[in-house]
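Accompanying notes for the structure given below.
The values are calculated or read from the model by the stated rules, or taken from the named source; none is laboratory data. These numbers were taken from a predicted model, which means no experiment stands behind them. Backbone-built Cβ (ideal geometry, glycine too); neighbour counts: all protein chains shown.
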Amino acid sequence: METPFPYAQYVSGKHFIGRKADVTLLGSLLSQGEHVAIYEPPKAGKTSLVQQTLYTMRLGGKAFTVGQFSALNIRTPEDFLLRLGTTLLKMVAFTTEEFKSVVQRYLDGTHFVFDPLAYAERNQVISLNWELDAEDVLAMLRLPFRLAADRGERMILILDEFHCLGFLDDPDAILRPLDTVLREEQARKLFCYVFCGSGVNVMKAMFEGSHLFSRVVERVRLSPIGEREIVEHIQRGFLASGKVVNQDLIVGVCRLFKGNAWYINQFASICDAMSRGYIMEPMLVEALDCLISIHEPHFMSIVNGLTTHQVNLLRATVEGNTRFSSADIIRKYGLNSSANVKRVKDALMKKEVLCFDENDTPTLVDPLFEYWVKKYYFEIPA
């Protein structure tokens, strides 16, 4: 049954609100064959933006083939390349004979093969018959550009959770040759990657903290969704079931969740299920308690995994401090020294609890976690 407040999957069409300029920008970049990186916190709307953009491009008459896979469970370079090859071949071929023909044509001389048994048992189109070497890596990374050029049609490959490549024992085993190939193939504009990642700090280190991918991958940032658009979206959803809620209360919800549509839709869905008629403030408070109870085990696991110094710096952050290396902040929060502050900051970034902007101003990655940790963990009065 269709819900007016979807949050279990990406949204597009009538459920996609705001970010029209983002759709236009991303569509323009993909139409020009530019590689794109989108790194935002989990459930911030990355997939919805990509899918809405592809939907808009198709409505505009643009033809292209799309492939997609997730790097979430990839832990070796071999895993990545085999997943990449399998996805690419499924974009251009459909039968075992076609798979075999493409592998022989484009990957001849490498250790990649089409193994009918692996395909039958694991749906794996590409296999390795020997240990991976550097030439194998380059051959596979060049494959999408060759396929698109020979077919003469635009191909777009979406790599979800790309930040997980940062967890490999040697991330450079993939990232450096990938950078090399992207630079080699700059003139070919029929194939492009969309690198999506919810590990903001890991992705930032990949695409901004090194010389890799500079000037060959464009970052697309998610714009905030305007309060007015969110309010109208929620009011329309409640009106569909004959319910009404005060606009000022919805504005308060938007600000509590800092415009995060995923949390807002969850919250509104709980309110919708619990209410009938006019929705009053006590109902919103009860719905917030329900939402927190859903996510609290995850939030508890986060804080339970922090050291005392990390907890202290987290408290300094939620209390509005930014100059953590100043003597008074170090003394007040027991941070020991400026050198220790740097180590603690790095640890909290690695755990994706905090992120820092270009002015070194911290923010908590998760808005509901920020509310929970402030009210329930540190018990700071509102």
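Which one of these is in contact (Cβ under 8 Å) with a residue 12 or more places away in the chain, surrounded by fewer than 19 Cβ atoms within 10 Å (Cβ to Cβ) and not in a loop (DSSP other than H, G, I, E, B): LEU89, LEU25?
Exactly one of LEU89, LEU25 is in contact (Cβ under 8 Å) with a residue 12 or more places away in the chain, surrounded by fewer than 19 Cβ atoms within 10 Å (Cβ to Cβ) and not in a loop (DSSP other than H, G, I, E, B), namely LEU25.
Would you be able to say whether some residue in segment 42-56 is touching an Asp or Glu at 6+ places or on another chain (Cβ under 6 Å) and buried (at least 18 other Cβ atoms within 10 Å of the Cβ)?
Taking every residue of segment 42-56 in turn, at least one turns out to be touching an Asp or Glu at 6+ places or on another chain (Cβ under 6 Å) and buried (at least 18 other Cβ atoms within 10 Å of the Cβ).
Being closer than 18 Å to THR180 by Cα and of a type in the set (Gly, Ala, Ser) is the filter here, so list the residues in segment 95-150 that pass it.
ALA134, ALA139 - these are the residues of segment 95-150 that are closer than 18 Å to THR180 by Cα and of a type in the set (Gly, Ala, Ser).
Within segment 28-40, take every residue that is aliphatic (A, V, I, L, M) and outside any helix (DSSP H, G or I) and give me the one that is farthest from ASP160 (Cα to Cα). Steps first, answer last, please.
Taking segment 28-40 and keeping what is aliphatic (A, V, I, L, M), we get 29-30, 36-38.
Within this subset, residues satisfying the condition of being outside any helix (DSSP H, G or I) are 36-38.
Working: VAL36: 12, ALA37: 10, ILE38: 10 Å.
Among those residues, the one meeting the criterion is VAL36.
Quick test for you: out of ASN246, ASN201, pick the one residue that is under 23 Å from ILE279 (Cα atoms) and either within 16 Å of the chain's Cα centre (by Cα) or not assigned by TED's automatic domain parsing to the domain that holds LYS351 (or both).
One residue alone meets the criteria, ASN246.
Spot the failing condition for ALA44; the list is (1) under 20 Å from TYR263 (Cβ atoms); (2) assigned to a helix (DSSP H, G or I); (3) of a type in the set (A, V, I, L, M, F, W, C), and only one is missed.
(2)
The rows are residues; the columns are (1) buried (at least 21 other Cβ atoms within 10 Å of the Cβ); (2) in the same structural domain as GLY67 (by TED's automatic domain parsing); (3) in contact (Cβ under 8 Å) with a residue 12 or more places away in the chain.
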| position | (1), (2), (3) |
| --- | --- |
| LEU132 | no, yes, yes |
| GLU135 | no, yes, yes |
| LEU159 | yes, yes, yes |
| GLY166 | no, yes, yes |
| ASP172 | no, yes, no |
| LEU182 | no, yes, yes |
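Kindly evaluate THR96 against the criterion of being hydroxyl-bearing (Ser, Thr, Tyr) and crowded, with 18+ Cβ neighbours inside 10 Å.
For THR96, the condition - hydroxyl-bearing (Ser, Thr, Tyr) and crowded, with 18+ Cβ neighbours inside 10 Å - is not met.
Just the residues that are under 25 Å from LEU89 (Cβ atoms) and touching a Pro at 6+ places or on another chain (Cβ under 9 Å), please, taken from segment 26-67.
Within segment 26-67, just GLY67 meets the criteria.
Determine, yes or no, whether VAL311 is in a helix (DSSP H, G or I), modelled with pLDDT of 95 or more and under 24 Å from the mean Cα position of the chain (by Cα).
Criteria not met by VAL311.
Between a first residue in segment 191-214 that is under 20 Å from GLY27 (Cα atoms) and a second residue that is among the polar types (S, T, N, Q), which pairs have beta carbons less than 8 Å apart while being 6 or more apart in sequence or on different chains?
CYS196/THR47
Can you say whether PHE145 is touching a residue at least 12 places away in the same chain (Cβ under 8 Å), of a type in the set (Phe, Trp, Tyr) and assigned to a helix (DSSP H, G or I), as far as the supplied structure shows?
Answer is yes for this residue.
Only residues that are closer than 16 Å to ALA268 by Cβ, without any contact (Cβ under 8 Å) to a residue 40 or more places away in the chain and not small (Gly, Ala, Ser): list them for segment 283-298, please.
Listed by number, the residues that qualify are MET283, LEU284, VAL285, GLU286, LEU288, ASP289, CYS290, ILE294.
Would you check which residues across segment 219-243 are of a type outside the set (Phe, Trp, Tyr) and within 18 Å of THR3 (Cβ to Cβ) and list them?
Residues satisfying the conditions are ILE230, GLU232, HIS233, ILE234, GLN235, ARG236, GLY237, LEU239, ALA240, SER241, GLY242, LYS243.
Is it the case that ALA71 is under 18 Å from GLU161 (Cβ atoms), among the small types (Gly, Ala, Ser) and crowded, with 18+ Cβ neighbours inside 10 Å?
yes
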